[in-house]
Structure formats: structure tokens, C-alpha cells
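Reviewing the structure listed below.
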Amino acid sequence: MYRGGCSHANRQMVMYIMKTGNSDRRIGISVSKKVGNSVVRHHITRLIREAFRLNRDRLETGLDIVVVARAAAKESDYKTIERAFLHLCGLHNIFLKESK
């Protein structure tokens, strides 16, 4: 995944994308012990998962997405995490194209 995919990063997280043949979108979330204790790590995981859940219909299908949280995510609220997630999706250019 890390070798075959491409990555972009911002202050809160790093995102790796790999195209698959599936018709679904999957997400994997990694939060290191360097970020905080288990309560903090689980909270960040839930925020990232919620940002993905609410925006998954806007993303292309056939993707494996791995998000690695950075230490700066510890002080972030949901809106900041969602903004960072969408920013990385835009850098990867994985939003669905508008059909006209």
C-alpha cells in the first residue's frame, strides 16, 4: 500500500490512496502512540471515520484510503479534521466529477 500508492499530507494527517478494482471505498486509520493515550487516539479515529462516512458519496469508487494521524490532530476539533480530510481528498483529486 505505502509503496504502490501515492500520498499527500497536511498538518493533521497523511493520506495514502491506492486504486483497486472494487466498486467500494474503504478506509484504514492509523493513530500512533506518539499522538496521545488510548482515549485521545480513539477520539481522533472516530472523528476521521465520521468525516469519511459523511463524505464518502462525494468520493470516487474503487479506492483504498489510509489515513495516518499526526500529533497536531490531538488539538483539533471535528470541523478541522473534516476540513483536513477534504483538503487531502482534493489534492488526490478523488472527488466525483460533476455530471452535467
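General observations
- A convex hull fitted around the alpha carbon atoms of the chain yields 98 Å³ per residue.
- Every helix of 4 or more DSSP H residues in the chain counts as -39500 (n - 2.57), and over all residues that averages to -11000 deg cm²/dmol at 222 nm.
- For the chain: accessible area per residue (Å², 1.4 Å): 61
- Taking 7 Å steps out from each Cα toward its Cβ at Leu54 and Ala9 produces label points 2.6 nm apart.
- Surface composition of the chain: carbon plus sulfur atoms contribute 50% of the solvent-accessible area (1.4 Å probe, protein chains only, all chains present).
- For a modelled paramagnetic label at Arg26, 7 Å from Cα along Cα-to-Cβ, the residues of segment 52-83 in reach, with backbone nitrogen under 14 Å, are 62-67.
- For the chain, the longest principal axis of the alpha carbon atoms and the long axis of helix 78-92 meet at an angle near 40°.
- Where a label projected 7 Å from the Cα of Lys34 along Cα→Cβ would reach, residues of segment 70-100 with amide N under 16 Å: 70-75
- Only aspartates and glutamates eight or more places from Lys97 in sequence, or on another chain, were considered; those with a Cα closer than 18 Å are Asp24, Asp57, Glu60.
- Gain in span if fully extended, Ala71 to His42, counting 0.36 nm per residue against the direct Cα distance: 9.1 nm
The values are calculated or read from the model by the stated rules, or taken from the named source; none is laboratory data. Not measured: the values here are computed from a predicted model. Positions of Cβ are backbone-derived with ideal geometry, glycine not excepted, and every protein chain shown enters the neighbour counts. Ligands, DNA and RNA are stripped out before the accessible areas are found, and what is left, the full protein with its side chains, is counted by its heavy atoms. Shrake-Rupley method; radii C 1.70, N 1.55, O 1.52, S 1.80 Å.
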